[in-house]
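The values are calculated or read from the model by the stated rules, or taken from the named source; none is laboratory data. This structure is a prediction, so every number in the text was calculated from the model and none was measured. Reconstructed Cβ throughout: ideal geometry from the backbone, glycine too, with neighbour counts over all protein chains shown. Ligands, DNA and RNA are stripped out before the accessible areas are found, and what is left, the full protein with its side chains, is counted by its heavy atoms. Shrake-Rupley method; radii C 1.70, N 1.55, O 1.52, S 1.80 Å.
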Amino acid sequence: MRMMKKSHRWYVLLLLPYAKGCTTVVVNATGGGTVIGRTMELGIPLPYRASNQIWSLVATQRDDKRFGYAAIAAALGGATSDAFVVEGMNEKGFTVSVQTLQQSVYENQTTLQQSVTFDRVAAYLLQRCASVADVAAALRSVVVVDAPLFAKLFGRCHWSVADPSGTSAVVEYLEGQLSIHDNSRGLCENQPVS
């Protein structure tokens, strides 16, 4: 591969503030470890200052039914909450990353089954899943519904999940149906194009 001239590297750095999409990368190391990286450009326009002030660290403790986790979440109005976790890892090493997917259509609440709004799915999964294999059952036990005001302000989303074994998947709701895709490439981004 041809090396970029030193003077051209600066042009790439100058373009970074204009990147428009979060990306999650899962890399399985040859030694058996898994490294997960994330960029935070969001899928919505925010003033630069605001984009650096809306995040907070959320940490929850384990209880009888749920795993503890540490996460980055929205801190809207200065309040810390697990309402919109955008990136997190639980005590089992299971991770969830949130990316924008505007064409998401979530389920309809047609039964008495417990519902979870899409903006709370990341926290819900972090509390209940030890591995990617647990995700389908966790989401099928609830109805994942829209949050119209939240969607209007921030957009709809899908989730990249990974665990210490190196297993990775992308979780989406399209046309009201849960869809879980193997993510052997280890990449997930805002508004992906197939």
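A simple packing score, the average count of other Cβ atoms within 10 Å per residue, orders the peptides 24-30, 173-179, 90-96, 158-164 as 158-164, 90-96, 24-30, 173-179, with the highest score first. Packing order of peptides 122-130, 180-188, highest average first: 122-130, 180-188 (average count of other Cβ atoms within 10 Å over each peptide's residues). If R0 is 25 Å, what FRET efficiency do you get for I180 and L112 from their C-beta distance, rounded to 0.05? With R0 = 25 Å, the Cβ-Cβ based efficiency is 0.50.
Entry comment: accessible area of segment 88-164 is 42 Å² per residue, from protein heavy atoms only and a probe of 1.4 Å.
Kindly identify segment 97-156 as rounded, prolate or oblate by the Cα gyration tensor criterion: order the square roots of the eigenvalues as a ≥ b ≥ c, call it rounded if a/c is under 1.5, otherwise compare a/b with b/c, prolate if a/b is larger, else oblate. It comes out oblate by the Cα gyration axes. Taking the protein heavy atoms of segment 63-158 in the context of the full set of protein chains, the accessible area attributed to carbon and sulfur is 54 percent at 1.4 Å.
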